[in-house]
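For reference, the structure is listed below as structure tokens.
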Amino acid sequence: MNISFSYNNALTTEALTQYQAAVKAAQNELVQGTGLGNDFLGWLHLPTDIRSQLDDIQACANMLRSKCDIIVCIGIGGSYLGAKAVIEALSSSFAWLEGNKPAIVYAGQNISEDYLYELQSLLRNKKFGIISISKSGTTTEPALAFRLLKTQLEKQCGEAFAKECIICITDAKRGALRTLATQQGYKTFVIEDNIGGRFSVLSPVGLLPIACAGFDIYQLIDGATKMMELCGIDTPFEQNPAALYAATRNKLYADGKKIELLVNYHPKLHFMSEWWKQLYGESEGKENKGIFPASVDFTTDLHSMGQYIQEGERHLMETVISVLEPQYTLHFPHDEQNLDGLNFLAGKRIDHVNKMAELGTMIAHVDGGVPNMKIELPQINEYYLGQLIYFFEIACGISGYMLHVNPFNQPGVEAYKKNMFALLDKPGYEAESAAIKARL
């Protein structure tokens, strides 16, 4: 089995077929490397290209797992979201209480003093490792966290331990982190120049933390490889899930649906939605256009956002991730008093109730004017998550080209950095500092 995509609750086949030519043109731009941002297409064949590195990545993960109580993954945006999405999806919902070692924690994704203080407190008297992920080594959030934690690790566990248990994933030749890793002799993996952060989860950026958490990166890559085959340029439009997804969401966008909600009914997929939001928001939100990516966790958010989705402004579409078979089996018990009136569910699987909530919600939202797409995963495991990741990536590339934007840059991200550096009086920003302080 493979993951599948359906659009029956969103569009007619006739309406979708109108976009077939546009999809084909976008696919050709991707495959032939003729579109905008074509110097960032290294992710396109990453499932096959990365195989030669898997043994080295796994060996490094095994070393860290054997030596460390905690492993800190330092990165921001695409440098940590993909790994966290997979790790959270595959972990026990209560892993943090179960004491599994090594625990995987994150830093460099914010500049909260309280967060960093509490993280350093957690790490005190622990043997911990650091995976520092940054092409440049100068991005403020991860660089700040790395300096703090590197100093703590060297003092706490000794320089020899730190030298072995600090791993840098960075540029091949240049940048502050590459220079430091070379000087200190840290083990390194390379972020290739032609792979952007949000497309890097199937590179060492995502694979090393995932392997450190004890999950099967070989199966993850096998799944991605299968999806690469299923979404190939020679696959007919009506059989290509990524092509159909890109076409459906662009047709709905043209029809006035400006916000896409990624919906899941399994809380373990929450961070998959967070990764998806960055992937699509950063790739498509340019030149005053693009679908706004948002997410909800159902049925939880039906009790907070459900009212708006059902009856608010009709600018919404939904993409539902449906999991065919959960990992465990649990049946609803019979109760003699039946005070809650739920004995009609006695003997049924909890997942059956969840599925009926999913189906009932989809029908209600479609009736309320919210078109629904559906992605079905046979199970939540490494193989199908690998499929899902590559499916979203290739569909994102196609969709971005259909919008006639560069899906692989992010010029708007730099605006806040310029203002922050000016306010912090960073050397070289004197003019900007004077200008912004005059405004204030």
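The values are calculated or read from the model by the stated rules, or taken from the named source; none is laboratory data. No experiment lies behind these values; they were computed from the predicted model shown. Please note: Cβ atoms are built from the backbone with ideal geometry, for glycine as well, and neighbour counts cover all protein chains shown. Quick note on the areas: whole protein, heavy atoms, side chains included, nothing else; ligands and nucleic acids left out. Shrake-Rupley method; radii C 1.70, N 1.55, O 1.52, S 1.80 Å.
Computed on the Cα trace of the chain, the radius of gyration divided by the Kirkwood hydrodynamic radius gives Rg/Rh = 0.99.
Ranked by the mean number of other Cβ atoms within 10 Å of their residues, highest first, the peptides 67-78, 406-417 come out as 67-78, 406-417. Just to confirm my numbers, what's the Cα centroid distance between the stretch 271-291 and the stretch 176-232 in Å? What the calculation gives is 21 Å, centre to centre. Taking each of Lys67/Lys173; Lys257/Lys348; Lys84/Lys155; Lys67/Lys226; Lys257/Lys437 in turn, the alpha-carbon distance tops 32 angstrom for Lys257/Lys348; Lys67/Lys226; Lys257/Lys437. Of the solvent-accessible surface of the chain, computed with a 1.4 Å probe over protein heavy atoms with every protein chain present, carbon and sulfur atoms account for 53 percent.
When the chain is treated as a Gaussian network with alpha carbon springs shorter than 10 Å, the biggest mean-square fluctuation among Asn354, Asn419, Asn110 belongs to Asn419. If you run the Gaussian network model on the chain, springs between alpha carbon atoms under 10 Å, then out of Pro333, Pro236, Pro204 the most flexible one is Pro333.
For the chain, the per residue solvent-accessible surface stands at 46 Å², with DNA, RNA and ligands left out and a 1.4 Å probe. Note on the stretch 300-370: along the principal axes its Cα atoms extend 46, 29, 19 Å, ordered by decreasing extent. Centre-to-centre, using Cα atoms only, the stretch 298-339 and the stretch 359-388 are separated by 12 Å. Take the residue pairs Lys150/Lys418; Lys126/Lys150; Lys286/Lys417 and return only those whose Cα atoms are more than 24 Å apart. Going by Cα-Cα distance, Lys150/Lys418 fall outside the 24 Å limit. Judged by the mean number of other Cβ atoms found within 10 Å, the most tightly packed of the peptides 148-154, 379-385 leads the ranking 379-385, 148-154.
Based on the Kirkwood radius over alpha-carbon pairs, what is the Stokes-Einstein translational diffusion coefficient of the stretch 189-285 at 4 °C with 1.567 mPa s viscosity, in µm²/s? D, rounded to a whole number, is 82 µm²/s.
Beta bridges assigned by DSSP with both partners in the chain are antiparallel in approximately 15 percent of cases. Sparsely packed loop sites in the stretch 155-243 (the trypsin sites (Lys or Arg not before Pro) outside DSSP H, G, I, E and B with at most 10 other Cβ atoms within 10 Å) comprise Lys173. According to the Cα-based calculation, Rg over Rh for the stretch 1-105 is 1.11, with Rh computed by the Kirkwood formula. Max-minus-min Cα coordinates of the stretch 87-141 on each principal axis give 35, 26, 20 Å, with the largest extent listed first. Centroid-to-centroid, using Cα positions, the stretch 390-440 and the stretch 21-86 are 22 Å apart.
Annotation: average projected area of the stretch 295-440 is 15.8 square nanometres, based on the convex hull of Cα atoms across all directions. Overall dimensions of the stretch 123-187, expressed as equivalent-ellipsoid semi-axes from the Cα gyration tensor (√(5λ), whole Å, largest first), are 20, 13, 8.
The modelled label-to-label distance between Val366 and Asp425, using points 7 Å beyond Cα along the C-beta direction, is 6.2 nm. For the residues Ser136, Ser304, Ser200, a GNM of the chain with alpha-carbon springs under 10 Å puts the largest fluctuation on Ser304. In whole angstrom, the stretch 257-363 maps to an equivalent ellipsoid with semi-axes of 34, 16, 9, each derived as √(5λ) from the alpha carbon gyration tensor and ordered largest first.
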